[in-house]
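Accompanying notes for the structure given below.
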Amino acid sequence: MSRRDSPYANSGIVVAIEQEDLKEYSKYGPLAGMHLQAEIEQKVFGIGDGSQKAPAQRLKDFLKGKFSSSIPKSSYIPGLYSADLAALFPSHIADRLKNGFRAFDKSMRGYVHDDAIIVATESRTSSPVRIPRDPVSREHVSVKGLYPCGEGAGYAGGIISAAMDGQNTVKAVAYSLGVQHEA
Ligand SMILES: Cc1cc2nc3c(=O)[nH]c(=O)nc-3n(C[C@H](O)[C@H](O)[C@H](O)COP(=O)(O)OP(=O)(O)OC[C@H]3O[C@@H](n4cnc5c(N)ncnc54)[C@H](O)[C@@H]3O)c2cc1C
């Protein structure tokens, strides 16, 4: 797919998982997010036939909560099978996805297209464990000189947000060192 010349937009759509979404996993402490992630991955794999085939749904059917009687061709080589994707996620994730797709369709008319399909699941974006830092200095709360940032530290999920978090962290470090920087 590296030539980016396929007829398919191979794009990951992700939603934010907030602290309050992890309440029922609080018994796992800082690893709560990892347990939610594992649960979703096991559930998605569990409804399949043990192969790498992935569950999919027409975007229009996902928004209507309707099972897709057929799935169009896709770029996913192992193959797809029809499934009720909303049932695979906690409702707060399914609802945020639906709201997001409807908003996309408003700003990009035709986004919700007959042949558009969604495939589950993209579960590995930013780290589900966050390394604590001071919100202003961005320095670790107890280790001086350590500035947790980007995806691995749990502050970004994707190229742009990781770059922005890195940039803002460097600005915070420069400021703490008294280095003036252009806005
Ligand atoms: C297959 C795949 C596809 C993706 N597709 C997209 C996409 O289409 N769009 C999108 O927005 N995001 C995508 N992402 C996510 C995106 O790549 C990451 O969110 C982003 O790269 C995170 O940037 P980062 O700088 O925080 O971390 P990273 O890019 O992971 O950089 C961390 C760096 O630290 C280095 N490192 C690790 N340990 C050490 C050590 N001990 N000492 C020195 N160096 C070390 C690593 O080698 C690495 O270079 C994808 C990720 C993957 C894996």
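The values are calculated or read from the model by the stated rules, or taken from the named source; none is laboratory data. All values derive from a computational prediction rather than experimental measurement. Positions of Cβ are generated from backbone atoms using ideal geometry, with glycine treated the same way; all protein chains shown enter the neighbour counts. Keep in mind that these areas ignore ligands, DNA and RNA; they rest on the heavy atoms of the full protein, side chains included. Shrake-Rupley method; radii C 1.70, N 1.55, O 1.52, S 1.80 Å.
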- line: In whole Hz, the Karplus estimates of ³J(HN,Hα) for the range 109-121 (6.51, -1.76, 1.60; θ = phi - 60°; x where Gly or Pro) are 4, x, 4, 7, 9, 3, 9, 6, 10, 10, 10, 9, 9
query: Can you pull the accessible area of K23 for me, 1.4 Å probe, Å² to the nearest 10?
result: 150 Å²
field: Lysine pairs with alpha-carbon atoms under 23 Å apart, the chain, spacing 8 or more or separate chains
entry: 21
query: What range in the chain is the longest one free of GluC sites (Glu not before Pro) that are in a loop by DSSP and have at most 13 other Cβ atoms within 10 angstrom?
result: 19-121
field: Acute angle (nearest 10 degrees) that the helix 91-107 long axis makes with the longest principal axis of the chain, alpha-carbon atoms
entry: 80 degrees
task: Could you please state how large a percent of the accessible area of the chain is carbon and sulfur, counting protein chains only and using a 1.4 Å probe?
output: 55 percent
query: Where in the range 88-117 does the amide nitrogen come within less than 11 Å of the point 7 Å from the Cα of K60, taken along Cα to Cβ?
result: 112-116
task: Calculate, in nm to one decimal, what S161 and S82 gain on full extension: separation in residues at 0.36 nm each, minus their alpha carbon distance.
output: 25.2 nm
message: For the pair S142/Y175, report the inter-label distance in nm, with labels modelled 7 Å from Cα in the Cβ direction.
response: 2.6 nm
- line: Note to self, the chain gives a 222 nm [θ] from helices alone (DSSP H runs n ≥ 4, -39500 (n - 2.57) apiece, / all residues, nearest 500) of -10000 deg cm²/dmol
query: Going out from 0 in 5 Å bins, what whole percent of all Cα-Cα distances in the chain drops into each bin?
result: 1, 7, 12, 16, 16, 15, 12, 8, 7, 4, 2, 0, 0
- line: Relative to the chain, whose Cα atoms define the longest principal axis, helix 159-176 and its Cα axis are tilted in degrees, nearest 10, by 10 degrees
field: Cβ-based net charge around G150, under 13 Å, with every Lys or Arg adding one and every Asp or Glu removing one
entry: +1
- prompt: Could you give the length gained on full extension between K43 and Y111, defined as 0.36 nm per residue of separation minus the Cα-Cα distance, in nm?
  reply: 21.7 nm
message: Return the equivalent ellipsoid semi-axes of the range 61-157 as a descending list in whole Å, where each equals the square root of 5 times an eigenvalue of the C-alpha gyration tensor.
response: 37, 16, 13
Gyration tensor (alpha-carbon) shape descriptor, the range 126-183, a/c threshold 1.5: oblate
query: For the range 50-103, what log10 I(q)/I(0) values come out of the Debye formula at q = 0.13, 0.16, 0.21, 0.24 1/Å, with one point per alpha carbon and no solvent?
result: -0.33, -0.50, -0.81, -0.98
- line: Shape call for the range 19-119, from the Cα gyration tensor axes a ≥ b ≥ c (a/c under 1.5 means rounded, otherwise prolate when a/b beats b/c, else oblate), comes out oblate
message: Just to confirm, what accessible area per residue do you get for the chain at 1.4 Å probe, in whole Å²?
response: 66 Å²
